Amino acid sequence: MASGLRNRLLVLLLGPLFVLGLVNVWVDYRSADSAAVQHDRQLLRYVPLLADSVLAPGVQAGDPPVLLLAPPVEDFLKGRAGLAGYSVNDLEGHLLHGDLWLPGATVATAEPEFHSTEYEGVTYRIVSQRVHTRAGDLIVQLADGSDPRQQWLSTLLRVLLPNGVLMVAAALAVSWAVGRALRPLTELTEAVSKRSPQDLSAIDVEASPAEVRPLVASLNRLFDLVNAQSASQRRFIADAAHQLRTPLAGLQAQVEAWAQVLQTRQRLRLGVSGADTAPASITLNAEQLDKLRQATRRTSQLANQLLALSRADARAMEAQPMQRVDLLALCESLLEAHLDAATARGLDLGLAAQPAHTTGHEWLLRELLGNLIDNAIRYTPRGGSVTIRCGLLVVGDSSLPYLAVEDDGPGIAPAERNRVTERFYRVPGTQGEGSGLGLAIAHEIARVHHSSLELLSGPGQCGLLVRLVLPEQTA
């Protein structure tokens, strides 16, 4: 990670410098090119003056024409001594006046022509033009070695090498600085990679650079969540082992007792007949069979509740997407599922519901409502009533969806209502079978839906009303 970040920083830091260098070279060249265009125009302005410097043809045939340089041309040549020159040639390119090093030129038209030539290490910009003079048509040339483009090229070669060295030095300096700046991040990466899976202790935020502290804080929060989930799993395993011990011990005791009876009968049969003529058998009476059935049922129910409690862990469900849930359809399906159990206990199981929808986990809300109905049926005395409710509850200016189960049983004392949602807690003196997990599961599911259970007294301060008000409504 640090290596990739270092490379990105180097590209981001050195890339603009390189681009700016190229832009600077391009701007300098464009400036030199613009100056060269102006220089060409200046040379072209001196051509008519050089043509006017030819005063007359030669005295005799074959003599060069009489030439007297115009003052502007003379000043131009003197001002660029060693970097300027001129020539006057006939139409065949023979030199009549001027510098011998200028190449002979033949120009077919009256249009000026520009070209460059090198002489003694200096690159000259030369303009050639066919002009009409007092000595007839001649070709004049004017050369200047101070062309900005040529100077720019020679300067570029002298500057390019030190600038290249400077760029390399800058790259090395930036690379060192980036590596130095990323050292805390590299050390943090190594420290985390060397940790064992069991070491989830928090990282010191203050020892990290300010830019990395949000990342360290997020890692610490993740470590806390993993620690909490691990602790929850360890607590769940311990609770499961503790709670399963009792029904399993009962089953084992019953089986051991029956095995002892079988062995006793087998020894008696051997003592009487001297031989085992037929296998002994055990006959279970109704009471023993009921005890076996109750122990098996309790073990199965406890295992299912423990599994539901594990699956309803709030931290594990935070990442799961929620869906639209029809609360009325949910209540109707659970009414049908628990009707036989209520009838068997002589209870009136009813439904008082209005259409309502919410956003949540349908299978978790089904588990919550099922536990509440099961608790109400279990603890309501024969002849009582249990009512399943859902609808919209007006809270301030909002109408919030809710689920509720109401019964006219013994209820729960206000002093005990804060504890009954704890795992495996049962109100002292409670009659009937139970493991103390029903309300704990419902409480955990309420947390998943960012709400909490409300335990209230029923109508006339009799019985119990358990209600879950959900925070969102979906139309």
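The values are calculated or read from the model by the stated rules, or taken from the named source; none is laboratory data. Everything numeric in this text was worked out from a predicted model, so none of it was measured. FYI the Cβ positions are ideal-geometry reconstructions off the backbone, even for glycines, and counts take in every protein chain you see. Ligands, DNA and RNA are stripped out before the accessible areas are found, and what is left, the full protein with its side chains, is counted by its heavy atoms. Shrake-Rupley method; radii C 1.70, N 1.55, O 1.52, S 1.80 Å.
With the requirement that a residue be open to solvent by less than 60 Å² (accessible area, probe 1.4 Å) and either at pLDDT below 75 or aliphatic (A, V, I, L, M) (or both), what does the range 160-183 give you?
Passing the criteria: GLY164, ALA169, ALA170, ALA171, ALA173, VAL174, ALA177, VAL178, GLY179, LEU182.
In the set LEU351, LEU369, which member is assigned to a helix (DSSP H, G or I) and either in contact with a Gly (Cβ under 7 Å, 6 or more places away or on another chain) or at pLDDT 90 or above (or both)?
LEU369
Taking the range 339-348, which residues are open to solvent by 30 Å² or more (accessible area, probe 1.4 Å) and touching a Gly at 6+ places or on another chain (Cβ under 6 Å)?
Passing the criteria: only GLY346.
Out of the range 107-131, which residues are part of a loop (DSSP other than H, G, I, E, B) and touching an Asp or Glu at 6+ places or on another chain (Cβ under 7 Å)?
Once the filter is applied, which keeps residues that are part of a loop (DSSP other than H, G, I, E, B) and touching an Asp or Glu at 6+ places or on another chain (Cβ under 7 Å), the range 107-131 yields only VAL107.
Pairs please, first residue from the range 59-75 and open to solvent by 60 Å² or more (accessible area, probe 1.4 Å), second anywhere and modelled with pLDDT of 85 or more and not aliphatic (A, V, I, L, M), Cβ atoms under 7 Å, 6+ apart in sequence or on different chains.
PRO64/HIS97; LEU68/SER53
Regarding VAL131, is this residue under 22 Å from ALA56 (Cα atoms) and of a type in the set (A, V, I, L, M, F, W, C)?
yes
Which pairs turn up if I take residues in the range 78-89 that are within 13 Å of LEU43 (Cα to Cα) and of a type outside the set (Asp, Glu) and look for partners that are in a helix (DSSP H, G or I) and open to solvent by less than 60 Å² (accessible area, probe 1.4 Å) with beta carbon separation below 6 Å, at least 6 apart in sequence or on another chain?
Going by the 6 Å Cβ cut-off, the qualifying pairs are ALA84/LEU77.
Pick out the one residue from LEU157, LEU100, LEU83, LEU91 that is modelled with pLDDT under 85, exposed (fewer than 14 other Cβ atoms within 10 Å of the Cβ) and out of contact with any Pro (no Cβ under 7 Å at 6 or more places or on another chain).
None of the others qualify; the one that does is LEU157.
Name the pairs: first residue in the range 172-183 and closer than 20 Å to SER208 by Cα, second residue open to solvent by less than 40 Å² (accessible area, probe 1.4 Å), Cβ to Cβ under 7 Å, at least 6 apart or on different chains?
Cβ pairs passing all conditions: VAL178/LEU10; LEU182/ALA2.
So which of GLU336, GLU332, GLU362 ends up being among the acidic types (Asp, Glu), surrounded by 14 or more Cβ atoms within 10 Å (Cβ to Cβ) and modelled with pLDDT of 90 or more?
Testing whether each residue is among the acidic types (Asp, Glu), surrounded by 14 or more Cβ atoms within 10 Å (Cβ to Cβ) and modelled with pLDDT of 90 or more leaves just GLU332.
Pull up the range 320-379, narrow it to residues that are among the basic types (Lys, Arg) and under 45 Å from the mean Cα position of the chain (by Cα), then point me to the one that is farthest from GLU454 (Cα to Cα).
Per the criteria, the residue is ARG324.
Report, by residue number, each residue of the range 439-457 that is open to solvent by 10 Å² or more (accessible area, probe 1.4 Å), on the phi < 0 side of the Ramachandran plot and part of a loop (DSSP other than H, G, I, E, B).
Result: SER451, SER452.
Any idea how many residues of the range 390-414 are open to solvent by 20 Å² or more (accessible area, probe 1.4 Å) and either part of a helix (DSSP H, G or I) or on the phi > 0 side of the Ramachandran plot (or both)?
Adding up the residues that qualify gives 3.
Given the condition modelled with pLDDT under 90, in a helix (DSSP H, G or I), surrounded by fewer than 18 Cβ atoms within 10 Å (Cβ to Cβ) and among the polar types (S, T, N, Q), answer yes or no: does some residue in the range 309-327 qualify?
yes
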